[in-house]
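Every number in this text was worked out from the coordinates using simple rules, so none of it is lab data. Since we're looking at a predicted model, the values are computed, not measured. As a convention, Cβ positions derive from the backbone with ideal geometry for all residues, glycine included, and neighbour counts pool all protein chains shown.
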Amino acid sequence: MATNEELQARRDALIKQITSLQKRITHGDKSVEFDLSQSRIAMETLDREIMKSKPKGVMRQIRIISDKGL
């Protein structure tokens, strides 16, 4: 399993890739429209993996101090 830093680096690279994508390209009288849903799915998957790799919560410690010899 990848570390949190590796997953974050992958997410940053994916964001750069998504921002450079064009949804529609027109050349002359022809145009092509791309479906960017796969990029969104990949982003959601990475976000879920990042959430799984984070610590679940704060570990708490309870100390009991008594002067009665317990």
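Summary of values
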| item | result |
| --- | --- |
| First in the range 8-29 and closer than 30 Å to Lys54 by Cα, second anywhere and β-branched (Val, Ile, Thr), Cβ under 9 Å, 6 or more apart | Gln8/Ile50; Arg11/Ile50 |
| Count of residues meeting criterion [touching a Lys or Arg at 6+ places or on another chain (Cβ under 7 Å) and either closer than 26 Å to Leu7 by Cβ or surrounded by 12 or more Cβ atoms within 10 Å (Cβ to Cβ) (or both)] in the range 27-41 | 2 |
| Criterion violated by Ala2 - all others in (1) exposed (fewer than 10 other Cβ atoms within 10 Å of the Cβ); (2) of a type in the set (Gly, Ala, Ser); (3) in contact with a Ser or Thr (Cβ under 8 Å, 6 or more places away or on another chain) satisfied | (1) |
| Any pair with Cβ under 6 angstrom, 6 or more apart, that starts in the range 42-55 at a residue that is within 9 Å of Asn4 (Cα to Cα) and ends at one that is surrounded by 11 or more Cβ atoms within 10 Å (Cβ to Cβ) and not aliphatic (A, V, I, L, M) | Ser53/Asn4 |
